[in-house]
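Single-structure report; data block below.
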Amino acid sequence: MILFIRHAESLSNAFNRSTLSNWVDFDHKDPKLTSDGRGQAKEAGQFLNEWLKDNDKKIKNIYVSPMTRTMETAGLIFSEVEAPKPAMVLIPDLREHHTISIAEHGTDKTDLFNLLADQQSPLKNFTVDTSLVTEEIWYATEYETDDIINARIKLLHDRYIDKSDIDDNADDVTIIVSHSGIGFRLLNLKTNMDNADIIAATEKGTIKDTIFSSQYYWLNPPPDDFIP
């Protein structure tokens with residue numbers, strides 16, 4: 001089984017709903033989580049911890065987009081999970097679909113690796129596999145057409161999602177922490193995916209269930225820290 005987790009609320013997400021501006025107007029690269037987003041992620045982690053125990057599931061793989069908002073989300077979620085955790089693999093191809101917003105730019109490899117080595121790193125308590133982050137500019141800096149993003153999705157599916165990962169009866173799960181634009185395509189989503197949602201998928205990306213949905217986004221006003 002695959003569990004796909006969208007990152008929790010980022011500064012750019014909060015900017016959008018605070019200003020009613022188009023998200024392309026947000027002018028800071030690689031935004032971090034808001035205070036509400038950190039709360040969402042912890043709540044999602046508490047749910048995931050109980051879900052794994054209740055369903056007697058083990059974690060087989062953890063794949064994470066190397067964007068700050070996804071790494072922070074993963075760190076907060078898995079801090080709440082008691083089950084043994086494999087190394088978190090940072091996969092550049094899990095980055096958000098790049099259109100025209102600078103928020104879709106990541107942190108350059110050198111700075112990213114320095115961040116991961118720092119005691120303030122969101123993943124400081126976990127083993128992190130960075131072997132796939134090979135380019136200094138590992139993220140897209142120009143518009144990705146449908147053909148480009150669809151080719152990237154096919155590569156992700158072929159390399160990282162096999163039948164053992166999508167078998168409902170398997171004892172283990174692959175967990176992906178990424179972005180809504182990737183989830184829509186990778187899982188053939190037909191409905192909206194909110195911040196910190198956890199979606200279970202079965203064979204060929206068919207949606208089984210949204211097993212967790214945070215209420216922060218809809219019930220709370222934008223946080224005070226939405227401007228960096």
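FYI, it's all coordinate maths here, none of it is from the lab. Here the structure is a predicted model, which is why all the values come from computation and not from measurement. Every residue, glycine among them, receives a Cβ derived from its backbone with ideal geometry; neighbour counts consider all protein chains shown.
Quick rundown of the values:
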{"item": "Under 12 Å, Cβ to Cβ, from Gly181 - net charge with Lys/Arg +1 and Asp/Glu -1", "result": "0"}
{"item": "Ordering of 57-67, 128-138 by packing [mean C-beta count within 10 Å, highest first]", "result": "57-67, 128-138"}
{"item": "Relative frequency of Cα-Cα separations exceeding 22 Å in segment 98-179, percent", "result": "44 percent"}
{"item": "Dipole of segment 22-142, positive end: most advanced residue of Pro92, Gln46, Leu112 [Cβ charges, Cα centre]", "result": "Gln46"}
{"item": "For segment 95-137, size of Cβ-based charge dipole, Lys and Arg +1, Asp and Glu -1, in debye", "result": "140 debye"}
{"item": "Computed over segment 35-166, Kirkwood Rh from alpha-carbon pairs, angstrom", "result": "16.0 Å"}
{"item": "Net charge, Ser79 excluded, C-beta distance under 13 Å - Lys, Arg +1, Asp, Glu -1", "result": "0"}
{"item": "Charge sum, other residues only, whose C-beta stays under 11 Å from Ser213's C-beta, Lys/Arg counted +1 and Asp/Glu -1", "result": "-3"}
{"item": "Cα-Cα over 25 Å, subset of Lys29/Lys124; Lys42/Lys124; Lys60/Lys154; Lys124/Lys154; Lys42/Lys85; Lys32/Lys58", "result": "Lys124/Lys154; Lys32/Lys58"}
{"item": "Burial ranking of peptide ranges 84-91, 68-75, 175-182 (average Cβ count within 10 Å, highest at the top)", "result": "68-75, 175-182, 84-91"}
